[in-house]
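**Student:** I am attaching a structure below and will ask some questions about it afterwards.
The values are calculated or read from the model by the stated rules, or taken from the named source; none is laboratory data. Remember, it's a predicted structure, so these values are computed and weren't measured experimentally. Every residue, glycine among them, receives a Cβ derived from its backbone with ideal geometry; neighbour counts consider all protein chains shown. Note: accessible area is taken over every heavy atom of the protein model, side chains too, but ligands, DNA and RNA are not part of it. Shrake-Rupley method; radii C 1.70, N 1.55, O 1.52, S 1.80 Å.
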Amino acid sequence: MINKIWSILKGKRSIRIQMLWAFILSVFLSSIAHHIILSILGRFVPDIYNQISSFMLFMVLFISFFFALTNPILRYFRVITDGLQSIAGGDLKNRIPLSRQDELGNVAHNINHMAEQLQQQMEKERQNELSKMELITYVSHDLRTPLTSIIGYLDLLKTPKYQNEAEQARFINNAYNKTQQLKKLIDDLFEYTRLTDGDVKLSFQEVDYHKLLKQIISEFEPVANEQQITIVQDISPIPFLVSIDIEKMVRAIDNLLTNALKFSLRPGEVKVQLTVQQDEVILSVENVGKSISLEQEQQLFERFYQMEPSRKEHNTPAGSGLGLSIAKHIVELHGGRIWLEHHKGHYKFCIMLHVVNQKLSSVDNYTQE
């Protein structure tokens, strides 16, 4: 209590008290100096009181002491104004030293905070501009590759430069596959721009999550079997409701399954597990593939980040690099969380959502379009 009172009296946190102390000390020091000066001069000039105005001498001393005692405040005020001018001139990295705890210190702290916010905003805008340029570059490259192949096959068919009907059929099939790849690239790009424009609207419905997941897996299994991949299911039999945008969440889950299929060692398996923990449901998709570095692991959810499929001879289609990024945006729009657990080539992608109700009597089956 005593320390607190002493701190207030010192005025370390208040300019008003500091100015009051400066005034009191100036009066006190001026009085002493005034008395000493007049005593010394009085020995040599007896009529000094008649020649020098005592009041004028006191005022000169008072102003001198007061300016000296308040000079640190004025000096720090100049530091603040110089810092503001520097920030206003575009030097957003400039920071005012926080050497005071009073109101001027608070002003300096707020100015530094403002400069930091402006710097972050400018950096974000700069990053957005860079992202736009990267977006144009990546999209141009990704769209040009299948388009060039399609033009090449059509040119061969138009000439014609094929030797027989079998080769003609192969050219047509290859061109068709490239158009499908081109369509997927465009669909992914369109979906990504919709999800990141900040104005996306979800159509929430309550659905039995484990029935929805079983249907997605049943439609995915034929594709997996062709790639020598076995789907292993470990899905909780307990029915429960989740409130989701069905179309978008199906897209997110499909992206995880497609990613696991693409980068699994063959022959191999993909394990799909669904567990309920209190009011949360966690979907995990596990597979074994080539190990990646920690830096690569941190970039997996970034847009346009691509890795080579485990086996190219299985005709695994090239991706857009947007699949995991799209899944991340969809899950976060649902208030959920998506993450990766990786150890020496063992991948486990997890999606956490909130459960609406675990006690269901019956829920209509979901029919995917």
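**Student:** Between Gln233 and Leu157, with labels modelled 7 Å along Cα→Cβ, what's the label distance in nm to one decimal, could you check?
**Tutor:** Those two pseudo-labels are separated by 3.9 nm.
**Student:** Note down the magnitude of the dipole of region 104-183 about its Cα centre, charges +1 on Lys and Arg C-beta and -1 on Asp and Glu C-beta and zero elsewhere, to the nearest 20 debye.
**Tutor:** Values: 9 positive and 9 negative charges, 74 e Å.
Rounded to the nearest 20 debye, it is 360 debye.
**Student:** Assuming a ≥ b ≥ c are the square roots of the Cα gyration tensor eigenvalues, decide whether region 84-131 counts as rounded (a/c under 1.5), prolate (otherwise, with a/b larger than b/c) or oblate. It would help to have the intermediate numbers written out before the result.
**Tutor:** Numbers: a/c = 3.91, a/b = 2.53, b/c = 1.55.
Prolate shape, in that a/c is at least 1.5 and a/b is the bigger ratio.
**Student:** What's the extension gain from Met19 to Ser243 if we count 0.36 nm per residue and subtract their Cα-Cα distance? Display every interim value, and only then the final one.
**Tutor:** Values: separation 224, 0.36 × 224 = 80.64 nm, distance 6.27 nm.
This chain segment gains 74.4 nm when fully extended.
**Student:** Pop a pseudo-label 7 angstrom from the Cα along the beta-carbon direction at both Ser39 and Asn177 and give the gap in nm to one decimal.
**Tutor:** With each label placed 7 Å out from Cα toward Cβ, I get 10.8 nm.
**Student:** Let me ask you something else. Give, in nm to one decimal, the length gained when the segment between Trp339 and His113 is fully stretched (0.36 nm per residue of separation minus the Cα-Cα distance). Don't skip to the end; give the middle numbers.
**Tutor:** Working: separation 226, 0.36 × 226 = 81.36 nm, distance 3.23 nm.
Result: 78.1 nm gained on full extension.
**Student:** For the full complex of protein chains and a 1.4 angstrom probe, list Ser26, Ser14 by accessible area with the highest value first.
**Tutor:** Working: Ser26 0, Ser14 25 Å².
Largest accessible area first, the residues go Ser14, Ser26.
**Student:** Looking at the P(r) of region 148-290, how many percent of alpha-carbon pairs lie beyond 23 Å? Can you show the working numbers first?
**Tutor:** Details: 5508 of 10153 pairs.
Counting every Cα pair in region 148-290, those more than 23 Å apart make up 54 percent.
**Student:** Going through the cross-link list Lys262/Lys290; Lys184/Lys328; Lys211/Lys262; Lys124/Lys183; Lys262/Lys328; Lys248/Lys328, which pairs have a Cα-Cα distance over 23 Å in this structure?
**Tutor:** Numbers: Lys262/Lys290 11 Å; Lys184/Lys328 18 Å; Lys211/Lys262 25 Å; Lys124/Lys183 31 Å; Lys262/Lys328 18 Å; Lys248/Lys328 11 Å.
Pairs exceeding 23 Å: Lys211/Lys262; Lys124/Lys183.
**Student:** On a 1.4 Å probe surface of the protein chains, which of Arg13, Arg251, Arg126 comes out largest in accessible area, and what is the full order?
**Tutor:** Numbers: Arg13 155, Arg251 60, Arg126 130 Å².
The most accessible residue leads, giving Arg13, Arg126, Arg251.
**Student:** While we're here: Given just the C-alpha atoms of region 140-183, how large is their convex hull per residue in cubic angstrom?
**Tutor:** Cα convex hull per residue, to the nearest whole number: 51 Å³.
**Student:** Taking a ≥ b ≥ c as the square roots of the Cα gyration tensor eigenvalues, with a/c under 1.5 meaning rounded and otherwise prolate when a/b beats b/c, else oblate, which class fits region 156-210? Write out the running numbers ahead of the final one.
**Tutor:** Working: a/c = 7.25, a/b = 2.61, b/c = 2.78.
Oblate shape, in that a/c is at least 1.5 and b/c is the bigger or equal ratio.
**Student:** With a ≥ b ≥ c taken as the square roots of the eigenvalues of the C-alpha gyration tensor of region 97-205, please select rounded if a/c is under 1.5 and otherwise prolate if a/b is larger than b/c or oblate if it is not? Walk me through the numbers on the way to the answer.
**Tutor:** Working: a/c = 7.98, a/b = 3.34, b/c = 2.39.
Cα axes put region 97-205 in the prolate bin.
**Student:** Can I ask one more? What distance in nm lies between label points placed 7 Å from Cα along the C-beta direction at Thr145 and Arg194?
**Tutor:** So the two model labels end up 2.4 nm from each other.
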